[in-house]
Amino acid sequence: MEDRAIYYTLQTPTGPRNLAPFVAAWVRTQGFTATEATQPHLATVSAHWIGTRGARFELDYTWASGAFPESNCRLRVRYAGQLTADVLFASQHVRRLKEVCLLLLGNLRYAGARLLASIPHPAL
C-alpha cells in the first residue's frame, strides 16, 4: 500500500526532456566534434564538422527548464574565407533525438557537403 501512495505522488516532468547527451553522442557518430555543458536547468551542445572544401557546419542544441521550458537546435555554415555564417535553420523546437537527426540529415547543403566528402579524390 505504501508503494502505491508514493507512485501517485510522483510528478511527471513538464516540457521537453534534456536530450543533450544523446545529441552529442549522435553528432559524434556523424564526424562532428561536440562539446557539452550541463547544469541543473540548462544544457547545451556545440558541435562542428568541417567539409572537404573548408565549409564549417555548426550545430547548436539548447535545453532549458523552468517557467518556459524549451529545447531547440540550429544549424549554420561558414564557408572558407567567409566572415559570417549562413543560417541553415534557426531555433527549431525539438522533443526527440529523431527530430534533430531529421533536421540535420534533411538539410540540402549539409547533405551535399557530406556527399562530396564521401567521394574519393585522386591524390595530387
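None of the figures in this text is laboratory data; all of them are computed from the coordinates on show. As the structure is a computational prediction, the values presented were derived from the model and not from experiment. Glycine also receives a Cβ, built like all others from the backbone with ideal geometry; neighbour counts cover every protein chain displayed.
If you check THR84, THR33 for being of a type in the set (Val, Ile, Thr) and either within 11 Å of the chain's Cα centre (by Cα) or farther than 24 Å from PRO120 by Cα (or both), only one passes: THR84.
Which ones in the range 52-77 are more than 27 Å from ARG95 (Cα to Cα) and either among the acidic types (Asp, Glu) or surrounded by 14 or more Cβ atoms within 10 Å (Cβ to Cβ) (or both)? Answer for the range 52-77, where residues must be more than 27 Å from ARG95 (Cα to Cα) and either among the acidic types (Asp, Glu) or surrounded by 14 or more Cβ atoms within 10 Å (Cβ to Cβ) (or both): just ALA55. Counting the residues of the range 47-72 that are touching a Gly at 6+ places or on another chain (Cβ under 9 Å), of a type in the set (A, V, I, L, M, F, W, C) and part of a loop (DSSP other than H, G, I, E, B) gives 1. Screening the candidates LEU88, LEU115 for the property of being surrounded by fewer than 14 Cβ atoms within 10 Å (Cβ to Cβ), at negative phi and either part of a helix (DSSP H, G or I) or among the aliphatic types (A, V, I, L, M) (or both) yields one hit, LEU115.
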